[in-house]
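Following: one structure in structure tokens, then a few remarks.
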Amino acid sequence: MGAIKGNSTTLMFKLESSDDASSVADDLASDGYAAFTGVTSASISVSNSTFEAVSITDPTTDATVRDFAVGTTSTSLSLEGVYDPAQTQNADQLFTLCKNKSRLGIFWVTNQAEDNALGGIGFCTSFELSAGMDDFVTFSASFELEGDPAYKTMD
């Protein structure tokens, strides 16, 4: 089992015109991707929908077998961070991208060269900016990615 420190990861993003995450170059920085600033945590979830089918194995006895098939893949990515109006790739830009319904490539990467980036292309589905009394202003956002997620090597 391996571990990666949360403070050694970041999210890279860029406007994309395609839905195909595999078409994104492996070198995200040279492909025009920029890092979100202020991100303190992120999570990515990938799930496959399944559906059940019943098949008859012996027509004389009507013996049935329960079969499963795999359908579409659903990928969502969420992030949280600390708001800093002095930074350019922070909550202000994220909010603008969300309200404009921009198609984004978004990848979760570590700061370790031997690791991979995981993500895809999709849309922001929610954005929140909040603060408690005498506390930091924080933001959170969720993204629904289209198609299959993609790994990008960061060699």
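The values are calculated or read from the model by the stated rules, or taken from the named source; none is laboratory data. Just so we're clear, the structure is a prediction, and the values are computed from it rather than from any experiment. Glycine gets a Cβ as well: all are built from the backbone with ideal geometry, and neighbour counts include every protein chain shown. For accessibility, only protein heavy atoms count, side chains too; no ligands or nucleic acids. Shrake-Rupley method; radii C 1.70, N 1.55, O 1.52, S 1.80 Å.
Would you compute, from DSSP H runs of 4+ residues alone, the mean residue ellipticity of the chain at 222 nm, taking -39500 (n - 2.57) per run and dividing by the full residue count, rounded to the nearest 500?
Taking each H run of at least 4 residues, the total per residue is -1500 deg cm²/dmol.
Under 5 Å from the amide H of Tyr83 lie the amide H atoms of Val137, Thr138, Phe139, each residue being 5 or more positions distant or on a separate chain, with H modelled from the backbone and absent for Pro and chain starts.
Using a Förster radius of 25 Å, what is the FRET efficiency between Asp27 and Phe123 based on their Cβ-Cβ separation? Nearest 0.05, please.
So, using R0 = 25 Å, E works out to roughly 0.55.
With the full set of protein chains in place, find how many percent of the accessible area of the chain is carbon and sulfur; take the probe as 1.4 Å. The value for the chain is 52 percent carbon and sulfur by accessible area.
With every protein chain in place and a 1.4 angstrom probe, the accessible-area ranking of Phe123, Phe36, largest first, reads Phe123, Phe36.
Short to long, the 5 Å bins of the Cα pair-distance histogram for the chain hold 2, 9, 16, 19, 17, 12, 7, 5, 4, 4, 3, 2, 1, 0, 0 percent of all pairs. For the pair Asn48 and Ala86, a Förster radius of 41 Å applied to the C-beta separation gives a FRET efficiency near 0.45, rounded to the nearest 0.05. A protection proxy built from the mean count of other Cβ atoms within 10 Å ranks the segments 11-21, 93-103, most packed first, as 11-21, 93-103.
Entry comment: accessible area of the chain is 59 Å² per residue, from protein heavy atoms only and a probe of 1.4 Å.
Of all the options Ala35, Ala69, Ala25, the one that moves most in a Gaussian network model of the chain with Cα springs shorter than 10 angstrom is Ala69. Pop the C-beta distance of Thr72 and Ser41 into the FRET formula with R0 = 30 Å and round what comes out to the nearest 0.05. That gives a FRET efficiency of 0.65.
For a quick check of your reading of the filter: which GluC sites (Glu not before Pro) in segment 74-147 sit in a DSSP loop and have no more than 12 other Cβ atoms within 10 Å?
For GluC sites (Glu not before Pro) across segment 74-147 that sit outside H, G, I, E and B with at most 12 neighbouring Cβ atoms in 10 Å, the list reads Glu114.
Across the options Gly122, Leu79, Ser142, the greatest Cα extent toward the positive end of the charge dipole of segment 67-155 (unit charges at beta carbon of Lys, Arg, Asp, Glu) belongs to Gly122.
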